[in-house]
1. On the given criteria, is A308 out of contact with any helix residue (DSSP H, G or I) (no Cβ under 8 Å at 6 or more places or on another chain), surrounded by fewer than 21 Cβ atoms within 10 Å (Cβ to Cβ), at pLDDT below 65 and under 25 Å from I196 (Cα atoms)?
2. Identify, please: which residue in the stretch 70-101 is among the polar types (S, T, N, Q) and out of contact with any strand residue (DSSP E or B) (no Cβ under 7 Å at 6 or more places or on another chain) and is, among those, farthest from L172 (Cα to Cα)?
3. Can P80 be described as touching a helix residue (DSSP H, G or I) at 6+ places or on another chain (Cβ under 6 Å) and modelled with pLDDT of 85 or more?
4. Would you check which residues across the stretch 135-183 are outside any helix (DSSP H, G or I), in contact (Cβ under 8 Å) with a residue 12 or more places away in the chain and within 18 Å of M78 (Cα to Cα) and list them?
5. Only residues that are within 30 Å of P27 (Cβ to Cβ) and assigned to a helix (DSSP H, G or I): list them for the stretch 101-130, please.
6. Give the residues of the stretch 200-225 that are within 30 Å of A265 (Cβ to Cβ), touching a Leu at 6+ places or on another chain (Cβ under 6 Å) and among the aliphatic types (A, V, I, L, M), sorted by residue number.
7. For the subset of the stretch 154-182 comprising residues that are among the β-branched types (V, I, T) and crowded, with 19+ Cβ neighbours inside 10 Å, which member is nearest to G236 (Cα to Cα)?
Amino acid sequence: MRASLLFFFLLCLPGCWAEVGWPLGWPASLEFLSRPDADFLAFVNPFASMTVLTYTATSGSYYKPSAQNKSVEGWVRMWPEATPEEGMRALTFVQLSSGRGVLAFRGTDLGTGRSAQADSCANAELAGHPLPKYCDQFTAFQLDYLSRALELAQKAAQVHPTVEWLYTGHSLGAELASVVGAVRGAPVLSFAAPPILPVLKKRTSVDPKQLPYWKSVSLYNEFDPLRFLAFGELPGANCSWLNQPKAAGCDTCELHGPVHLSTIACKQCFSKTHMFSAYLALLKLLISITRSISQLRSKRSKSSVSSAIPEMPCARDAPVIAALGAAAIGLGSEAFVASKPVQVKKKGVRVVEGKDMDGCRSSAAL
């Protein structure tokens, strides 16, 4: 625990404690995540590690026996958990010293076994699509992942009454985390969330317009097809990593009409940008860039380095050009920008302009 606290202290910039809400409970707003600096890394890294464990510590195609009882540094795995052979999976993490708890939901198993089939059926059920014939092998109870997620969140709150909760997850797990967070009025930090508002409207009584904007943040790989599918369908902010080069198929999938995940181009793009390993790679790169910039700041004046890095405030309705070049210092640029983005093309450059949904954006050359 001491090591984890020291790590957090070294990463935090002046004022971090006030913004992150240290030491008790979660911050009232996640707007500080619009800056991909030490605050961002200190906050997001544990959730990325927890999300990895939802895949490797639970049954399914990605299960690793060595990860079954693992936790994240500074956090303790606790009951309740959901780890069935088939069905909704989630892990509980608690940090008693800070009064914080995290419920991390697993994303879709893309393998070929029963675990993957159950996830596929649950995805269809959440989307309101007809269930394939193979779904008959599962009960309605097993396939109702959202109800199971809400029950688990309620149980966790009862078992740990002094803990304040945040929900996280990737893909399907991000969907469950986002809906549970909206229902329970809790913060959400998710990776690659699909459209959320249709599920909120269909399965809950939550009015999305009444949800605090910075209570929920979904992080995206810039070229992840789910990012485009989720445009205008999220209850909170969306933040995207700009990265180069583009993965195979992404241009065709995303820039020439509606996104259809059944097309060859979108399948190619999806396989390279949506897998959680792609998100871990982006996070690792951001860590490297941030450390390099910190080293430069220690050698140069703060003003000269700051002028080389795009400083983009998080403000609603702010139009931004998504094709940011490398910073003058030659490290690649990094910035988050809040906007209401809709994708258009202008003279060969993708432009994001205020339309459907608020969000923020981070850039880093990959």
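1. Taking the combined requirement at face value, the residue does not satisfy it.
2. Residue satisfying both the conditions and the ranking: S97.
3. Spelling it out, P80 is indeed touching a helix residue (DSSP H, G or I) at 6+ places or on another chain (Cβ under 6 Å) and modelled with pLDDT of 85 or more.
4. H160, T162, V163, E164, W165, L166, Y167, T168, G169
5. L126
6. V217
7. Going through the qualifying residues, I end up with V179.
Per-residue answers, yes or no, for (1) of a type in the set (G, A, S); (2) over 15 Å from the mean Cα position of the chain (by Cα); (3) at positive phi:
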residue	(1), (2), (3)
S205	yes, yes, no
V217	no, no, no
D224	no, no, no
A230	yes, no, no
L255	no, yes, no
L261	no, yes, no
A265	yes, yes, no
S271	yes, yes, no
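The values are calculated or read from the model by the stated rules, or taken from the named source; none is laboratory data. Since we're looking at a predicted model, the values are computed, not measured. We place every Cβ from the backbone using ideal geometry, glycine too, and count neighbours over all the protein chains shown.
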